[in-house]
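Enquirer: Below is one structure. I have some questions about it.
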Amino acid sequence: MRNSSTLGLAILIPAIALSTSVNAKTVLSAKQRCFKIGESVDGGWNETLKIKPQQALKDNSAAIIESVGLIHGNKAVYPELNYYDQLAGAASWISNGDLEVSNVIQMSLVGTSYGTKSVGPAAVPGLYSMDFSLILQPETKGKIPGGQLVGVKTFQAIVAGQGVGQPDKTYYDKTVQEISCSDF
């Protein structure tokens, strides 16, 4: 009798432990994804975003995962201009009942990079800082239906011997649309 009780308990414990994860649905897989940011502008800066979640995100309200990203800006002029900014952060599932948004993936991405900015005829060196919130619809059949990128990119001029200049901020509130990463 004791052996059958022990066997039954040995089968029941893993089943209980797995029951919560069996019901959880993947809302963002761990594969690399790319997005077009906003609308394309002929002759203007066009941006794309690549993200790589470090693991799949489930629809558990307390789930959190690490994520990395890369934003690419391109201006089709001669010579062509490009920039790449690295991003790192975390993503979580925002379930029903949140006062701001619900049933979405919210990913915080921050980063810094050194570069230049054209100020009149000169290129001024400085530091770019990015602070973004990427809000995505849950994955459906392996695709992300859409989302929004909200945040700010700040350029701070840093000139040796002269200190820093006034920050120049660019605010984002743009839609994102999933694209093939070959188009990144």
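The values are calculated or read from the model by the stated rules, or taken from the named source; none is laboratory data. Fair warning: this is a prediction, and the values are worked out from it, not measured in the lab. Here the Cβ positions follow ideal geometry from the backbone for every residue, glycine too, while neighbour counts run over all protein chains shown.
Enquirer: How do the pairs read when you match residues in the range 26-50 that are in contact (Cβ under 8 Å) with a residue 40 or more places away in the chain and farther than 19 Å from residue 172 by Cα with residues anywhere that are in a loop (DSSP other than H, G, I, E, B) and of a type in the set (A, V, I, L, M, F, W, C), using Cβ under 7 Å and keeping only pairs 6 or more apart or on different chains?
Expert: Final answer for the pair search is 26/56; 28/56; 29/56; 33/144.
Enquirer: Using beta carbons and a limit of 8 Å, which pairs, at least six apart or on different chains, have the first residue in the range 123-151 and in contact (Cβ under 8 Å) with a residue 60 or more places away in the chain and the second one acidic (Asp, Glu) and not in a loop (DSSP other than H, G, I, E, B)?
Expert: 144/178; 149/173
Enquirer: Just wondering, is there one or more residues in the range 101-116 that are more than 21 Å from residue 54 (Cα to Cα) and outside any strand (DSSP E or B)?
Expert: Yes; the residues of the range 101-116 include at least one that is more than 21 Å from residue 54 (Cα to Cα) and outside any strand (DSSP E or B).
Enquirer: Let me confirm something: among 161, 151, which residue is over 16 Å from residue 52 (Cα atoms), out of contact with any Gly (no Cβ under 7 Å at 6 or more places or on another chain) and assigned to a strand (DSSP E or B)?
Expert: Being over 16 Å from residue 52 (Cα atoms), out of contact with any Gly (no Cβ under 7 Å at 6 or more places or on another chain) and assigned to a strand (DSSP E or B) holds for just one of 161, 151, which is 151.
Enquirer: Failed condition for residue 146, given (1) in contact with an Asp or Glu (Cβ under 9 Å, 6 or more places away or on another chain); (2) closer than 20 Å to residue 74 by Cβ; (3) surrounded by fewer than 17 Cβ atoms within 10 Å (Cβ to Cβ), with all others met?
Expert: Every condition holds for residue 146 apart from (2).
Enquirer: For residues in the range 55-93 being assigned to a loop (DSSP other than H, G, I, E, B) and among the charged types (D, E, K, R), which is nearest to residue 129 (Cα to Cα)?
Expert: 80
Enquirer: Now for a different question. (1) closer than 21 Å to residue 146 by Cα; (2) at pLDDT 90 or above: which one isn't true of residue 61, the others all being true?
Expert: That leaves (2) as the condition not met.
Enquirer: Right, here's the next one. Kindly evaluate residue 175 against the criterion of being within 20 Å of residue 81 (Cα to Cα) and touching a strand residue (DSSP E or B) at 6+ places or on another chain (Cβ under 7 Å).
Expert: Taking the combined requirement at face value, the residue does not satisfy it.
Enquirer: Of the residues 133, 108, 113, 95, only one is surrounded by 14 or more Cβ atoms within 10 Å (Cβ to Cβ) and modelled with pLDDT under 90; which?
Expert: 95
Enquirer: Tell me which residues, restricted to the range 24-42, are over 18 Å from residue 65 (Cα atoms), loosely packed, with under 13 Cβ neighbours inside 10 Å and either touching a Ser or Thr at 6+ places or on another chain (Cβ under 9 Å) or among the charged types (D, E, K, R) (or both).
Expert: Of everything in the range 24-42, those that are over 18 Å from residue 65 (Cα atoms), loosely packed, with under 13 Cβ neighbours inside 10 Å and either touching a Ser or Thr at 6+ places or on another chain (Cβ under 9 Å) or among the charged types (D, E, K, R) (or both) turn out to be 39, 42.
Enquirer: Those residues that are among the hydrophobic types (A, V, I, L, M, F, W, C) and either loosely packed, with under 13 Cβ neighbours inside 10 Å or closer than 21 Å to residue 56 by Cβ (or both), I need them from the range 149-178; list them, please.
Expert: Of everything in the range 149-178, those that are among the hydrophobic types (A, V, I, L, M, F, W, C) and either loosely packed, with under 13 Cβ neighbours inside 10 Å or closer than 21 Å to residue 56 by Cβ (or both) turn out to be 159, 160, 164, 176.
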